[in-house]
1. Return only the number of the condition from (1) surrounded by 24 or more Cβ atoms within 10 Å (Cβ to Cβ); (2) over 20 Å from residue 207 (Cβ atoms); (3) not acidic (Asp, Glu) that residue 415 does not satisfy.
2. Provide a single number: the residues in segment 41-80 that are modelled with pLDDT under 90 and small (Gly, Ala, Ser).
3. Which condition breaks for residue 152 when tested against (1) of a type in the set (S, T, N, Q); (2) at pLDDT below 85; (3) within 13 Å of the chain's Cα centre (by Cα)?
4. Within the group 104, 145, which residue is of a type outside the set (Gly, Ala, Ser), surrounded by fewer than 22 Cβ atoms within 10 Å (Cβ to Cβ) and assigned to a helix (DSSP H, G or I)?
5. Could you grab me the full set of residues in segment 338-397 that are surrounded by fewer than 24 Cβ atoms within 10 Å (Cβ to Cβ), over 18 Å from residue 159 (Cα atoms) and either small (Gly, Ala, Ser) or without any contact (Cβ under 8 Å) to a residue 40 or more places away in the chain (or both)?
6. Going through 47, 111, 121 one at a time, which residue ends up being within 30 Å of residue 285 (Cβ to Cβ) and either crowded, with 24+ Cβ neighbours inside 10 Å or of a type in the set (Ser, Thr, Tyr) (or both)?
7. Do you know which residues across segment 171-195 are polar (S, T, N, Q) and not in a helix (DSSP H, G or I)?
8. So, residue 17, is that one surrounded by fewer than 19 Cβ atoms within 10 Å (Cβ to Cβ) and of a type in the set (A, V, I, L, M) or not?
Amino acid sequence: MQDSIYTLLPPIVAIIVAIWRKSAIQALAVGLLLTSLMQAQFNPVSSILTTSDTLIDVFSGASNQRIIIFSLLIGAILMLIKQSGGVNAFIATLSNRHWVKNKRQASLLPSIIGTSIFTDSNLSMFTAGIASQSVFDKYGLSRARLAFLIDSTCSPVSILLLINGWGAYVLGLLDGYALTDTVGILIQTIGYNFYPIIVLVMVYYTAISTRVFGPLKYASSKVEETAEQQVTIIGKTRYMLVPMLLIVVVTLILLYITGEGDLRRGSGSFSVMWAVICAFVVLSALLFIDKVVTAKTWFKYSSAGIKQLLPAVVVLVLSFAFGDAVKAFGTGTYVSGIMSVEVAQIGLAPLLFITAGIMAFATGTSWGTFAILIPIAVPLSLQTGLPPAFLVAAVLGGGVFGDHSSPISDSTIVASIASGCEHIEHVKTQLPYTLVAGALTIILYMLTAFILF
């Protein structure tokens, strides 16, 4: 069954279950079990052993362990900030200094933060989400809107401003071909990478106009009804600002150190994990010194925050396991086989974009998609005479498009965690925007190929 049309069945079933049951955990669990069952030729004992091995592999990976740790600790930090009154103090500061005084400025806050921090997409989403949750609640803006703004800002910016791990990864994939200037090609992809550009335009239009469409329009009323019910406890602004700044600063320092002077080559998971640990320790020390918490209340708030994010972390673990399983099953290899069909030059970039989108949507990973399709796009460009940057950009944009639309993608899961939004609601409300942006991108690739090449 491997490397055949049957490899599409587990991702399709997982997506159907996610939409039907509105549960990412159930969808990923069913998809993982089905993949293992098919790999084991429907032998139930072997499939259970394969599933167990896949889950063990997720926990044995150092990078995955770090992501799990900092995701749980983020919950503890958020709860401590909230219970200490740091959130309300931050809102009061913004209001008193007239930085955020209406819905438009509240919407611009995560958009600007997400655009500014492009070294690591997870760091960008966590920082923008945590800093904006309370502001969105105050002005009656839904968490689904916040999830859309940070998810539609952080990954698109990371794939456009490539001074980060994304850029280093793509450069590595471009090595080994008859290309004279891989860095130059990487820079040229920015102008051809239409999908993230369109999405960023949508983000700033949404933030400035405060208008939303589709399911997101109806999600806006949910917080408005409950926002007034919150108990106001004013603490100190530093209870929120200090941990947020520490996460950013320590992450950048550690990216520099682990990358041996090159931020792009640093370890993102290692850097973010230790930055979050540092922020948690310093915040805890501040609260103890100011006698805001006792050992008992500190433990109570921290454990409550971790417990609150536990379901999201379970989704994260299952998404890693499912992604590894479908990769081993050959889903990506089969989808990439579509490219073996002869296509007119005007259709190459659109087809690469669509194929990358389907692959990333089905597997939940854009980086895995890049690894499979860039080695196809570069030879195609050399054979057809089309600029390598043009076809590589189509793969990059398609990967982000599929990843952006998929309910099993780790980036959509992280956006849900960072914004405090229910995961399936985030996926459902964001999907119309990604589909419109994807359709416009396909049209632009066809027009560009027709006019310029």
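The values are calculated or read from the model by the stated rules, or taken from the named source; none is laboratory data. Just so we're clear, the structure is a prediction, and the values are computed from it rather than from any experiment. With ideal geometry, Cβ positions are generated from the backbone for all residues, glycine too; neighbour counts draw on all protein chains shown.
1. Of everything listed in (1) surrounded by 24 or more Cβ atoms within 10 Å (Cβ to Cβ); (2) over 20 Å from residue 207 (Cβ atoms); (3) not acidic (Asp, Glu), residue 415 misses just condition (2).
2. 6
3. Among (1) of a type in the set (S, T, N, Q); (2) at pLDDT below 85; (3) within 13 Å of the chain's Cα centre (by Cα), the lone unmet condition for residue 152 is (2).
4. 104
5. Those that are surrounded by fewer than 24 Cβ atoms within 10 Å (Cβ to Cβ), over 18 Å from residue 159 (Cα atoms) and either small (Gly, Ala, Ser) or without any contact (Cβ under 8 Å) to a residue 40 or more places away in the chain (or both): 338, 340, 341, 342, 343, 344, 347, 351, 381, 383, 384, 385.
6. Step by step, each of 47, 111, 121 is checked, and only 121 is within 30 Å of residue 285 (Cβ to Cβ) and either crowded, with 24+ Cβ neighbours inside 10 Å or of a type in the set (Ser, Thr, Tyr) (or both).
7. Within segment 171-195, 180, 193 qualify.
8. Judged against the criteria, residue 17 is not a match.
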